[in-house]
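Structure, as structure tokens:
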Amino acid sequence: MAELYDEIPTVKSSTFDFSGDAYPDILGFMVTGVLGDLTTTGAAAPYSHAASLYNANDGQPPSYTLTDFYAVNTRQYPGSKFSDLEIKFNADGLITYSAKAVGLASIPTTAPTPSFTSVQPLAAWTGAVQIGGSPFHALMDGSISIKRSVAIIPTVDGSQSPHALWSGPVTVSGKMTLVMEDESQLTNFLTTATTSLDFTFQAGTGASLVSLKLHMSSVIYGQADISRGKEYVEIGVTFNAKANATDVGASGGYSPIKVTLQNSVVAGTYK
């Protein structure tokens, strides 16, 4: 009458979650990894890296080998493809991110030589916000979540490694907390209006300029909640970005978002 008699090894895979401050030179790996289409322009720093959804050929974004040093050992996670990237910003803090990748089984490796960026993370208060193409000055905090499923495809081939890790369609959603100075955003929700959203964060000048721009040409609000729990009135808005032909990259098609980074990273680094 027992249920478990043995366990037999099957196909191996891994997931790897990490988070941190959104350094504008490091973030390009995660952005490119989840979207796939990257165009780099500029003959010298600051270079501009524009990432959109990749729609050519098989539609697959690049994969990466992630190396994790955790004191007692170092392990690599080869073939990793990003399934989640969330970028958060709060007016009195730094821009942060959290990411998740699906990869092949980890393997031990030697500890890498530490190499840290000299670029500082971006403070959220430096941001400029536009809703519907017009400046908006009452954003308190927000987040944007880029998600895509990664299917693990096992085959009968004598190997415990998957035949492929296959990235599926992309969805982009987010939320904002706004000081409710008028009913414009409530009206957008009630009328199911489609609008555009832009969040731009920038620091430095000349060759040292760094920036992060999150542009969505077509978003629709899914919820708008009025909150009167503080000395002022807030409105919390959730939204979904719709795929459109404006936010695309070199591969064409449709994309729900275009993420542009400016930094001193040369072309070809992120993919």
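The values are calculated or read from the model by the stated rules, or taken from the named source; none is laboratory data. The structure displayed is predicted, hence computed values, not measured ones. Don't worry about glycine lacking a Cβ; one is built from the backbone with ideal geometry, like all the others, and counts go over all protein chains shown. Areas reflect the complete protein model, heavy atoms only, side chains present, ligands, DNA and RNA absent. Shrake-Rupley method; radii C 1.70, N 1.55, O 1.52, S 1.80 Å.
Data table
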read-out: Unmet criterion (only one of (1) out of contact with any His (no Cβ under 9 Å at 6 or more places or on another chain); (2) surrounded by fewer than 17 Cβ atoms within 10 Å (Cβ to Cβ); (3) at negative phi) for THR39; value: (1)
read-out: Inter-residue pairs, beta-carbon under 6 Å, first over 17 Å from ILE87 (Cβ atoms) and in region 107-132, second open to solvent by 100 Å² or more (accessible area, probe 1.4 Å), 6+ apart; value: ALA111/PHE69
read-out: Candidate set: region 9-36, residues that are open to solvent by 10 Å² or more (accessible area, probe 1.4 Å) and among the β-branched types (Val, Ile, Thr); chosen: the one nearest to SER161 (Cα to Cα); value: VAL11
read-out: Complete set of residues in region 160-201 that are touching a Leu at 6+ places or on another chain (Cβ under 9 Å), open to solvent by less than 50 Å² (accessible area, probe 1.4 Å) and not aliphatic (A, V, I, L, M); value: PRO162, GLY174, THR177, GLN185, ASP198, PHE199, THR200, PHE201
read-out: The listed residue being among the charged types (D, E, K, R), in contact (Cβ under 8 Å) with a residue 12 or more places away in the chain and surrounded by fewer than 16 Cβ atoms within 10 Å (Cβ to Cβ), out of ASP92, ASP141, ASP157, ASP84; value: ASP92
read-out: Exclusive hit being surrounded by 13 or more Cβ atoms within 10 Å (Cβ to Cβ), among the charged types (D, E, K, R) and within 21 Å of LEU139 (Cβ to Cβ), set LYS230, LYS271, LYS213; value: LYS213
read-out: Unique residue being free of Cβ contacts under 8 Å to residues at least 12 places away in the same chain, under 19 Å from ILE153 (Cα atoms) and open to solvent by 50 Å² or more (accessible area, probe 1.4 Å) when the list is ASP58, ASP6; value: ASP58
read-out: Which listed residue, of ALA101, ALA128, ALA138, ALA105, is hydrophobic (A, V, I, L, M, F, W, C), closer than 29 Å to ALA207 by Cα and at pLDDT 95 or above; value: ALA128
read-out: Pair list, Cβ < 6 Å and 6+ apart or interchain, from region 186-205 residues that are within 13 Å of VAL129 (Cα to Cα) and in a strand (DSSP E or B) to residues that are among the basic types (Lys, Arg) and open to solvent by 70 Å² or more (accessible area, probe 1.4 Å); value: THR200/LYS213
read-out: Tally, over region 1-52, of residues that are hydroxyl-bearing (Ser, Thr, Tyr) and assigned to a loop (DSSP other than H, G, I, E, B); value: 4
read-out: First in region 228-240 and in a loop (DSSP other than H, G, I, E, B), second anywhere and among the β-branched types (Val, Ile, Thr) and loosely packed, with under 12 Cβ neighbours inside 10 Å, Cβ under 9 Å, 6 or more apart; value: VAL233/ILE226
